[in-house]
Structures are given as C-alpha cells and as structure tokens.
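Just below is one structure, and these are the notes that go with it.
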Amino acid sequence: MLQRLVPGGWIAVTIAIALLVSTPVLFVLGNIFADNSEVWNHLAETVLPRYMANSLWLMLGVGTGVLLIGVGTAWLVTACSFWGSQIFEWALLLPLATPAYLLAYSYTELLEYYGPVQMTLRDWFGWTSVGDYWFPNVRSLGGQFCY
C-alpha cells in the first residue's frame, strides 16, 4: 500500500514535463497579482474593451460554426448511409490532426490579397485593381466570418 503512494520515475518525469509546459501560464497568472496598476489602467483605457469584445464575438462565431457544420456533418455521416460516408467519417477528423496555428496561417495565406484565391479570381474576372472588387481583411474579425 505504501508503494502506491510514493511516486515512481514515470510520475516524476510527467510532473516535471507538465511544470515545464505550464511555466508560461503560471508566469502570466503570477503577474496578474503583481503591482502593475498603471499598465492595467492603460490597457483598460485603450485596447482591453475591444480585445474582449473581439474575443467574445470570435467565441460565438466559432461555437456557432462548430455547432452547425461540425455537429451537422457528424450527424450526417453517422445517421445516413451514402456513397463516401466512410471516407467522410475519417476526413472529418483531419482538422484535429493539424495544429490550429498551422490551419490559421494556411487560411490567411490562401485568402489574402496575394493568395491563390484572390489571384485566381482576379485572373478569371479580369479585375486589375482593388477598386474592382472587395474582400474583407482576412486578418480581422469580419474576415473570419465572411469567407
């Protein structure tokens, strides 16, 4: 019984890795309680309300998208039997295999002004300047929901 209470080598290594990985979060949490009142006042007066509003809108948008697209497609491939449903069952898991920041960089590179999507559209329709068409800035909250 006493041997179960004493941590083994693997537990010690796991705890050490967890502490190492969580160091940045612990540092930020520790600085919340430090005396940085003028920094927080400056942030609250300048950018904090906009950042909080953007974060809330982004959470609502992502939650809605996941609810509609993710749950909808998951229900379709499990409840219905159609040609290719076996492939879609596995294909729907692929975004989980890619880190989110890589998906974000890829999305941004594909959809920005010099990306292949806008360049192809300019080629097809003969648009020569930005005045010929309009796309929302992909690096903004509006750009996240318009594509």
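The values are calculated or read from the model by the stated rules, or taken from the named source; none is laboratory data. In this text the structure is predicted, and so the values were computed from the model without any measurement. Virtual Cβ from ideal backbone geometry, glycine too; neighbours counted across all protein chains shown.
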| note | So, first residue not assigned by TED's automatic domain parsing to the domain that holds S140 in the range 33-59, second residue assigned to a helix (DSSP H, G or I) and modelled with pLDDT under 85, Cβ within less than 8 Å, six or more apart or across chains; the pairs are N54/L141; W57/L141; L58/L141; L58/Q144
| field | Odd one out for V28 among (1) surrounded by 10 or more Cβ atoms within 10 Å (Cβ to Cβ); (2) over 16 Å from the mean Cα position of the chain (by Cα) | value | (1)
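Test of understanding: among E38, E109, which residue is of a type in the set (D, E) and surrounded by 11 or more Cβ atoms within 10 Å (Cβ to Cβ)? If you could, list the steps in order and put the result at the bottom.
Details: E38 fails: surrounded by 11 or more Cβ atoms within 10 Å (Cβ to Cβ).
One residue alone meets the criteria, E109.
Condition check: under 18 Å from V71 (Cα atoms) and surrounded by fewer than 12 Cβ atoms within 10 Å (Cβ to Cβ). Does L103 satisfy that?
Working: under 18 Å from V71 (Cα atoms): no; surrounded by fewer than 12 Cβ atoms within 10 Å (Cβ to Cβ): yes.
No, not satisfied.
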| message | Can you tell me which condition T23 does not meet? The list is (1) at pLDDT 85 or above; (2) under 30 Å from G142 (Cα atoms), and all the others hold. | response | (2)
| field | Matching residues, the range 64-77, being surrounded by 11 or more Cβ atoms within 10 Å (Cβ to Cβ) and either under 15 Å from the mean Cα position of the chain (by Cα) or β-branched (V, I, T) (or both) | value | T64, G65, V66, I69, G70, T73, V77
